[in-house]
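First the structure, then my questions, so here it is.
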């Protein structure tokens, strides 16, 4: 397992699946930093494509995120390297923002699951995917 040091918000790669964990205040800077961390993990492990599980803890506060941040999120360098995005703890995240981004920009390709285990199981099915989610 290639894991970043534990801190409030973190990104790690485990068994070919990218994970991000969001705690405390989630800002556009946090999202972009974790996207960069994920891209670095892919490069370091010589992976072109991977599923991403985003975990929003009970303490995650996305109130500072808004619709104007969608363009920056969708245009990250990480997105073309993702086979699927699975969100855990969506009730703690900004549901409206996430659902809008998924529908408008990603053809509904962001999915949510209730538990990390369910998210991991879904992500496992996308590990062998050869096309990024934008091309599926």
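Within 12 Å of residue 20 (Cβ to Cβ), touching a helix residue (DSSP H, G or I) at 6+ places or on another chain (Cβ under 8 Å) and modelled with pLDDT under 90, is that true of residue 60?
Yes.
Within segment 1-16, is there a residue that is buried (at least 20 other Cβ atoms within 10 Å of the Cβ) and modelled with pLDDT of 95 or more?
For segment 1-16, residues buried (at least 20 other Cβ atoms within 10 Å of the Cβ) and modelled with pLDDT of 95 or more: present.
Condition test on residue 88, is it in contact with a helix residue (DSSP H, G or I) (Cβ under 8 Å, 6 or more places away or on another chain), over 20 Å from residue 12 (Cβ atoms) and touching a residue at least 24 places away in the same chain (Cβ under 8 Å)?
no
Then there is this: Out of 42, 32, 47, which single residue is in contact (Cβ under 8 Å) with a residue 12 or more places away in the chain and touching a helix residue (DSSP H, G or I) at 6+ places or on another chain (Cβ under 6 Å)?
Working: 32 fails: touching a helix residue (DSSP H, G or I) at 6+ places or on another chain (Cβ under 6 Å); 47 fails: touching a helix residue (DSSP H, G or I) at 6+ places or on another chain (Cβ under 6 Å).
When all the criteria are applied, what remains is 42.
The values are calculated or read from the model by the stated rules, or taken from the named source; none is laboratory data. Worth saying up front: this structure is predicted, and the values here are computed from it rather than measured. Note that we place each Cβ from the backbone using ideal geometry, even for glycine, and neighbour counts take in every protein chain shown.
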